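Trainee: Take this structure, written in structure tokens, and hold onto it; I'll ask about it next.
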Amino acid sequence: MKPKIAKLLITLNHQFYQKFSQEFSDTRLRLQPGVQKILKTLPSNTRLLDLGCGNGELARVLARDVYRGSYVGTDFSPNLLETARQDLPEDFSAQFYPLDLTTPDWQEHLPPLQFDFIFCFATLHHIPSREIRIKILENVRFRLKSGGKFIHSNWQFLNSERLKKRVQPWEKVDLSPHDVDEGDYLLDWRRGGYGLRYVHHFSPTELRSLAQETGFSVEESFFSDGKEGNLGLYQVWGGS
């Protein structure tokens with residue numbers, strides 16, 4: 001993908017999540033079943049980095065579950081970060097940072113720490129271009145402790161006939177199918193207004209290739225979420 005196309009898609013998503021931050025947050029008042037499954041295996045005293053923390057619901061669940069480790073949440077949306085900071089107990093060790101994962105030096109804007117776990121739920125599928133994804137994953141690996149785990153989920157919207165109807169032609173944003181990569185889609189949004197956002201549909205094979213190229217190994221992979229339990233592809237990666 002040409003850098004100018006990637007930049008256009010990044011801008012499209014930035015604008016979407018700023019304009020519809022409240023409406024989006026209102027649809028994320030409960031953790032997905034796959035995320036809940038992951039949290040059941042999380043030790044209570046670890047150092048956790050949550051990339052793309054959104055409205056902070058994960059942090060609030062950890063606080064209610066008496067998580068005793070430290071939590072760092074990041075998101076590029078100021079509106080979502082403002083919501084994320086709310087309703088957390090004073091004794092819960094949480095820090096939040098505005099962070100754009102598509103910038104190559106994003107990890108330099110965090111405290112000089114390494115983490116036992118790095119989460120990235122429902123975020124990578126909004127990142128255009130393989131080159132940018134690889135740089136993100138290299139930064140993730142740099143921030144992961146030896147023996148640490150990178151755990152992420154990616155939307156499998158093509159598994160839903162209802163969601164497939166939300167796919168829109170690229171011409172709506174003055175692009176053509178030749179401008180984007182295989183697996184790239186434009187989806188509409190209809191809650192509180194009409195919007196468009198970029199989404200990539202990952203396959204297990206593509207994720208395995210990204211893991212190998214960036215020094216990870218796929219330790220676990222499972223589907224969850226949605227009525228049929230197949231709208232999210234979850235993976236646990238370890239350093240290889």
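Just so it is clear, none of the values below were taken in a lab; they were calculated from the coordinates. Computed from a predicted structure; not experimentally measured. Every residue, glycine as well, gets a Cβ built from its backbone with ideal geometry; the counts of neighbours run over all protein chains shown.
Trainee: I'm told residue 175 meets every condition in (1) under 19 Å from the mean Cα position of the chain (by Cα); (2) surrounded by 13 or more Cβ atoms within 10 Å (Cβ to Cβ); (3) not in a strand (DSSP E or B); (4) not β-branched (Val, Ile, Thr) except one. Can you identify the failing condition by its number?
Mentor: Failing condition for residue 175: (1).
Here is a yes/no grid of residues against (1) of a type in the set (Phe, Trp, Tyr); (2) within 23 Å of residue 32 (Cα to Cα); (3) touching a helix residue (DSSP H, G or I) at 6+ places or on another chain (Cβ under 9 Å):
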site	(1), (2), (3)
155	yes, yes, yes
165	no, yes, no
168	no, no, no
177	no, no, yes
233	no, yes, yes
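Trainee: Still on this model: Taking the residues in segment 119-168 that are part of a loop (DSSP other than H, G, I, E, B) and within 14 Å of residue 200 (Cα to Cα) as candidates, determine which candidate is farthest from the chain's Cα centre (by Cα).
Mentor: The first filter runs over segment 119-168 and keeps only residues part of a loop (DSSP other than H, G, I, E, B), leaving 122-123, 127-129, 156, 160, 165-166.
Restricting the remaining residues to those that are within 14 Å of residue 200 (Cα to Cα) gives 122-123, 127-129, 156, 166.
Values: 122: 4, 123: 2, 127: 9, 128: 13, 129: 15, 156: 13, 166: 20 Å.
Looking at residues that are part of a loop (DSSP other than H, G, I, E, B) and within 14 Å of residue 200 (Cα to Cα), I get 166.
Trainee: Still on this model: Could you please find all residues in segment 185-240 being within 28 Å of residue 169 (Cα to Cα), β-branched (Val, Ile, Thr) and in contact with a strand residue (DSSP E or B) (Cβ under 7 Å, 6 or more places away or on another chain)?
Mentor: Result: 199, single match.
Trainee: Right, here's the next one. Quick one: how many residues across segment 7-43 are out of contact with any Phe, Trp or Tyr (no Cβ under 6 Å at 6 or more places or on another chain) and either closer than 21 Å to residue 133 by Cα or not hydrophobic (A, V, I, L, M, F, W, C) (or both)?
Mentor: 25
Trainee: Moving on. How many residues does segment 70-118 hold that are over 16 Å from residue 140 (Cα atoms), among the hydrophobic types (A, V, I, L, M, F, W, C), outside any loop (DSSP other than H, G, I, E, B) and in contact (Cβ under 8 Å) with a residue 40 or more places away in the chain?
Mentor: 2
Trainee: Tell me, please, whether a residue that is of a type in the set (Asp, Glu) and surrounded by 20 or more Cβ atoms within 10 Å (Cβ to Cβ) can be found in segment 102-120. Explain how you work it out, then say what you get.
Mentor: Our first condition is that a residue be of a type in the set (Asp, Glu); within segment 102-120, this holds for 105, 108, 116.
Narrowing further to those that are surrounded by 20 or more Cβ atoms within 10 Å (Cβ to Cβ): none.
Among the residues of segment 102-120, not one is of a type in the set (Asp, Glu) and surrounded by 20 or more Cβ atoms within 10 Å (Cβ to Cβ), which makes the answer no.
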